[in-house]
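Undergrad: Dropping a structure here in structure tokens format, bear with me for questions.
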Amino acid sequence: MPKKEKRKRKGGRRNKIIKMKQKACKVCNTIFEGEKCPECDSKEHTEGFKGRIQILNPEKSEIAKKLNLKKKGNFAIKTR
């Protein structure tokens with residue numbers, strides 16, 4: 001069985017993948033990455049939120065109607 005070679009990266013460092021933290025908009029509860037909400041353009045957001053809901057069909061979803069959500073997407077159930 002051949003030995004596995006360890007690959008050296010440029011400069012001897014390993015490439016790191018930096019993942020941005022997800023945030024929830026305090027106005028519309030949309031979960032997003034970045035500096036402002038893509039739905040309502042608000043800059044009021046929090047990294048502290050509880051629960052996540054994914055709406056696939058807002059017209060037929062009872063939960064979307066109860067939470068007054070009109071669009072598809074990921075939403076926080078409760079923001080801090």
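Undergrad: Taking a ≥ b ≥ c as the square roots of the Cα gyration tensor eigenvalues, with a/c under 1.5 meaning rounded and otherwise prolate when a/b beats b/c, else oblate, which class fits the range 20-79?
TA: On the way: a/c = 2.10, a/b = 1.75, b/c = 1.20.
Taking the square roots of the gyration eigenvalues as a ≥ b ≥ c, the range 20-79 is prolate.
Undergrad: Sort 20-30, 50-60 for me by packing, meaning the mean count of neighbouring Cβ atoms within 10 Å per residue, highest on top.
TA: Working: 20-30: 17.7, 50-60: 11.2.
Descending packing order for the listed peptides: 20-30, 50-60.
Undergrad: What distance in nm separates the simple spin-label points at Ser61 and Ile77, each placed 7 Å from Cα in the Cβ direction?
TA: For the pair Ser61/Ile77, the computed spacing is 1.3 nm.
Undergrad: Roughly how many nanometres apart are two label points built 7 Å out from the Cα toward the Cβ at Ser42 and Lys21?
TA: Between Ser42 and Lys21, the label points sit 1.9 nm apart.
Each value in this text was obtained by applying a stated rule to the coordinates, not by laboratory testing. Just so you know, these numbers come straight off a predicted model, no measurement behind them. As a convention, Cβ positions derive from the backbone with ideal geometry for all residues, glycine included, and neighbour counts pool all protein chains shown.
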